[in-house]
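Engineer: Got a structure for you, questions after.
We did not get these values from a lab; they are worked out from the coordinates using the rules stated. No experiment lies behind these values; they were computed from the predicted model shown. Cβ placement follows ideal geometry from the backbone for every residue including glycine, while neighbour counts extend to all protein chains displayed.
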Amino acid sequence: MTDTKDLLTNPDILRELIMDHYQYPHHHTLIEDDSYLKKHMASDSCIDDITVQAKIEEGILKDIRFDGVACTISTASTSMMTDLLRGKTIAEAKEIIKQYDLMLDGKEYDADVLEEAVAMQNVYKQANRIRCALIGWNAIKGLIEESEK
Amino acid sequence: MFDLEKIRQDFPMLKNHPELVYFDNGATTFKPQVVIDKVEHYYTHATANVHRGDYALSVEVDRLYDETRAIVARFLNCDASEVAFLHNDTECLNQIVYGLSYQLKKGDIVLTSVAEHASNLLPWYRLKEQLGIEIKYLPVNAQGVVDLEAAKALMSKQVKVIALAHVTNVLGSVQPIQELCELAHQYGAYMVVDGAQSVPHRKVDVKALDLDFLTFSSHKMCGPNGVGVLYGKKELLENIPPLVLGGGMNARFQSDGSVLLKDVPTRFEAGTPNIEGVIGFGAACEYLMDIGMDQIHNYEKELRSYFAEQIKPLAHIQFYNPDNATGPITFNAKEVFAQDAAGYLASKNIAVRSGNHCAKILHELIGTDSTIRASLYFYNTKEEVDRCVEAIKEISIENAIGVFF
């Protein structure tokens, strides 16, 4: 565990993580399945255009997928989000999202629950890119809310 | 005389940000001290509303405000009564479309192009929905320039308007406006020209071109924000109803609903205008005329060509408008998302724009959604171009991500 922690404070590793998630994004296909909730994120900016799908049943995020055209930060942060939240309960997911939002707000956060997503730790310093790191996360937030209605 | 060093001294933003290379002039421009002084003068020495008061100060503000109309008329070679001040170019285009909607009917055709900015398309789209007019796109070449022969083939009695940007905002291509204007007039159609990207950079003589309507924006040509210029031939302005109704634009009205409008152009200026903006814009036009629009145009051509020659040989750069003489340098770094590349340039203090630049159907032409646009103005230098080129050479995904560490 300590080893992983050390790795996740090494800038070279974090840079590599973003690169990997950008070039080979995880869960990067949508499926035709009515049991999935779906959110198209395109109206916030005229550049990024992604769609996030989630299958949320019995209070658990059973599957999360996404597709679309987006920058490195949008793509990598969304890909990391799908890894991190798949299989989590809604309550767990909400806590992780909360910590992620704190990190993007430049506040104190719990790095342990964010795992690889700590690669986004410096994005808050570039105001024009914060939105990129939030696009996928805001999508899943919306889908969780929708599932609770 | 075109004295670059002296010109640069006129711009506080250039002095206050020596680290910055500002190549986003297509979005907005810096302001010379004379413009800032004029705006400040309004706040510190001459604050009053326009066209309303009976006291000396108010009359002085009227004088300053109306003087700008005369300056702009001189700038465009038209009559002061043909110049209305709205709040931005977009509003001016909306005003024209709204005004013409009273003359258009189902089946009428508006010709435009896929290279247009949203403000010259969306208002027409609404007329299509409301009235059933038809919108047709003039065939363009790879650089977005309208093909005149193809345009001729599209003309008919049903074509009522050709609505086009003089210079397109993404590729900076110059449209054959004069020829299209002649063509439009042969068929009794109006020529509506969006001058947002042309008027700041070249001499535009509305009489010589015989334009029916021209719109542009103060802030893209060294003037304050919040001022759009609507030029229209007087008899045409008199035949389009104002988009916004209210104070300052009517002469009298009665309880039975009858309204007598003020004469043009005042009837298009409902509500208190951006008085200090208009006054400051007058100073901007004078500043540009003092340097000389031809001088500005020639220098920008030289600078653009200097920039283009250095971009052409770069193997990792897709250069979309290498053959244009003027306008922005529009490109992408292969395999790098435009916003990532722009983010890398930003980390080197180079301000450019990434995205689709409000021209969302242009991708049908150039095959990409997002580009990087480096847009120059006459106060930019070859040294700044060199710095930008050096940074462009270093654009890669690795470096774009490296910005965050």
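Engineer: Pairs of Cα atoms under 8 Å, at least six residues apart: use those to get the relative contact order of segment B:329-379, whole percent.
Structural biologist: On the way: 54 pairs, mean separation 22.6, N = 51.
The normalised contact order for segment B:329-379 reaches 44 percent.
Engineer: Under a straight-distance cross-link criterion of Cα-Cα below 18 Å, which aspartates and glutamates are reachable from A:Lys98, leaving out those fewer than 8 residues away in the same chain?
Structural biologist: The qualifying aspartates and glutamates are A:Asp83, A:Glu108, A:Asp110, A:Asp112, A:Glu115, A:Glu116, A:Glu145, A:Glu146, A:Glu148.
Engineer: Say the cut-off is 19 Å between C-alpha atoms; which of B:Lys105/B:Lys157; B:Lys203/B:Lys312; A:Lys125/B:Lys334; B:Lys312/B:Lys334; B:Lys6/B:Lys393; A:Lys55/A:Lys141 go over it?
Structural biologist: B:Lys203/B:Lys312; A:Lys125/B:Lys334; B:Lys6/B:Lys393
Engineer: Sequence gap at least 6, Cα distance under 8 Å: using those rules, report the relative contact order of chain B to the nearest whole percent.
Structural biologist: Working: 778 pairs, mean separation 86.3, N = 405.
Reported as a whole number, the value is 21 percent.
Engineer: For A:Cys71, B:Cys92, which order do you get if you count the other beta carbons within 10 Å of each Cβ and list the fewest first?
Structural biologist: The most exposed by this proxy come first: A:Cys71, B:Cys92.
Engineer: Test of understanding: ordering A:Ile96, A:Ile13 by Cβ neighbours within 10 Å, fewest first, what list do you get?
Structural biologist: Fewest-to-most ranking of A:Ile96, A:Ile13: A:Ile13, A:Ile96.
Engineer: Would you mind telling me which residue in A:Lys38, A:Lys107, A:Lys88 has the biggest mean-square fluctuation in a Gaussian network model of chain A, where springs connect alpha carbons within a distance under 10 angstrom?
Structural biologist: Fluctuation is largest for A:Lys107.
Engineer: For a quick check: sort B:Ser255, A:Ser147 by the number of other beta carbons within 10 angstrom, fewest at the front.
Structural biologist: Least crowded to most crowded, the residues run B:Ser255, A:Ser147.
Engineer: In straight Cα distance, which aspartates and glutamates are under 14 Å from B:Lys160, not counting same-chain residues fewer than 8 positions off?
Structural biologist: Correct list for B:Lys160: B:Asp108, B:Glu134, B:Glu182, B:Asp212.
Engineer: With a 10 Å cut-off between alpha carbons and a GNM built on chain B, which of B:Asn141, B:Asn88, B:Asn49 moves the most?
Structural biologist: The residue that fluctuates most here is B:Asn141.
Engineer: Next up: What are the principal axis extents of the Cα atoms in segment B:153-304, in Å, biggest first?
Structural biologist: 61, 44, 25 Å, listed from the longest principal axis down.
Engineer: Could you check which residue among A:Val118, A:Val52, A:Val69 shows the biggest mean-square fluctuation in a GNM of chain A with a 10 Å Cα cutoff?
Structural biologist: Looking only at A:Val118, A:Val52, A:Val69, the largest GNM fluctuation is found for A:Val69.
Engineer: Only four residue types carry charge here, +1 at the Cβ of Lys and Arg and -1 at the Cβ of Asp and Glu. Report the dipole size of chain B about the Cα centre in Debye, rounded to the nearest 20.
Structural biologist: Using Cβ point charges on Lys, Arg, Asp and Glu, chain B gives about 620 debye.
Engineer: When the helices in chain B are scored as -39500 (n - 2.57) per DSSP H run of 4 or longer and the sum is shared across all residues, what 222 nm value do you end up with, to the nearest 500 deg cm²/dmol?
Structural biologist: -11500 deg cm²/dmol
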